[in-house]
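The values are calculated or read from the model by the stated rules, or taken from the named source; none is laboratory data. Since the model is a prediction, treat every value here as computed from it, not as a measurement. Here the Cβ positions follow ideal geometry from the backbone for every residue, glycine too, while neighbour counts run over all protein chains shown. When the accessible area is computed, the model is the full protein with side chains, heavy atoms only, and any ligands, DNA or RNA have been set aside. Shrake-Rupley method; radii C 1.70, N 1.55, O 1.52, S 1.80 Å.
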Amino acid sequence: MADKSKPRMLTIYLYVPNIIGYIRVLMNCFAFAICFSHKGVFSVLYFVSFVCDGIDGWFARKLNQVSTFGAVLDMVTDRISTACLLVLLSQIYRPGLVFLSLLALDIASHWFQMYSTFLSGKVSHKDVKDSSSWLFRLYYGNRMFMAFCCVSCEVLYIILFLLAKSQNEDLLNVIVSSGRQSLALFILEALALFGWAVKQAVNVIQLKTAADACVLHDINLKQKS
């Protein structure tokens, strides 16, 4: 006889945080569909979708609805939405390789981190207490600091998208000229650049740490064979 206390598959699919995740996907799809015709609406929808990433996590903990499916849905949604925005920026700004390199680093570091987490038997890819890097531990260990870095990164990309007036903009010129026009924008860009830089540094550390974990796993397998 089936244990009625165990949640069914449909129940987990319909967890409140997972429903928020589905809404995020729909918002992003609509946002990118109108990104060039309604840049302001796109930016609002994109940012609201990003904020919902924190909201669904709060609901998951509050309602005891934490799930592996929800965690993967969140990460996939985050990576795809950021990737799409970086691709857009690579077509607007020169050199476009800057944004494509950021895209490659983001995906590679998170993929390696998820896989190394699986190999080590950890429950969460954010469990980095054993890392030798203080910045890596600070980033994943302090929820507010991580939120600041993530928000800074997305805000910087949205600002760049809104500032672009053509599809052949010089990245450095746009950042410098916009900062000169408004003190408020200069401060916002400075804060966003700081958080963005920290997040990229964490991505590099994450990639190297996760790659080392994979290699160590290979060494252990060779020794046992």
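Carbon and sulfur together cover what percent of the accessible area of the chain at a 1.4 Å probe radius?
Numbers: 9370 of 13370 Å².
Result for the chain: 70 percent of the exposed heavy-atom area is carbon or sulfur.
If each residue of separation counts as 0.36 nm, what is the full-extension length gain between Val44 and Phe30 once their alpha-carbon separation is subtracted?
Values: separation 14, 0.36 × 14 = 5.04 nm, distance 1.16 nm.
Contour length minus Cα-Cα distance gives 3.9 nm.
A simple charge model with +1 on the Cβ of Lys and Arg, -1 on the Cβ of Asp and Glu and nothing else charged puts the dipole of the range 79-177 at about 240 debye relative to its Cα centre. Counting only aspartates and glutamates at least 8 places from Lys122 when in the same chain, those with an alpha carbon closer than 13 Å to its own are Asp130. Across Val198, Val174, Val25, mean-square fluctuation computed from a Gaussian network of the chain (C-alpha pairs under 10 Å connected) peaks at Val174. Rolling a 1.4 Å probe across all protein chains gives Tyr46 an accessible area of roughly 10 Å².
Taking all protein chains together and a 1.4 Å probe, the residues Lys208, Lys126, Lys199 rank Lys208, Lys126, Lys199 from largest to smallest accessible area. Rounded to whole Å, the principal axis extents of the Cα atoms in the chain read 66, 44, 28, largest first. Taken about its Cα centre, the range 1-117 carries a charge dipole of about 180 debye when Lys and Arg each add +1 at the Cβ and Asp and Glu each add -1 at the Cβ. Pairs from the table (Lys126/Lys199; Lys39/Lys126; Lys129/Lys224) lying more than 22 angstrom apart at Cα are Lys39/Lys126; Lys129/Lys224.
At 1.4 Å probe size, with every protein chain present, just tell me what the per residue accessible area of the chain comes to in Å². Present the calculation step by step, with values, prior to reporting the outcome.
Working: 13370 Å² over 225 residues.
Value for the chain: 59 Å² per residue.
The GNM of the chain, with springs linking C-alpha atoms under 10 angstrom apart, assigns the highest mean-square fluctuation among Leu105, Leu138, Leu156 to Leu138.
Summarising the label geometry, the points placed 7 Å from Cα in the beta-carbon direction at Lys222 and Lys165 lie 5.8 nm from one another.
What does the net charge come to around Gln113 if you take all other residues with beta carbon closer than 12 Å to its beta carbon, with K and R at +1 and D and E at -1? Could the numbers behind the result be given before it?
Working: positive: Arg79, Lys122, Lys126, Lys208; negative: Asp106, Asp127, Asp212.
Spelling it out: positives minus negatives among the neighbours equals +1.
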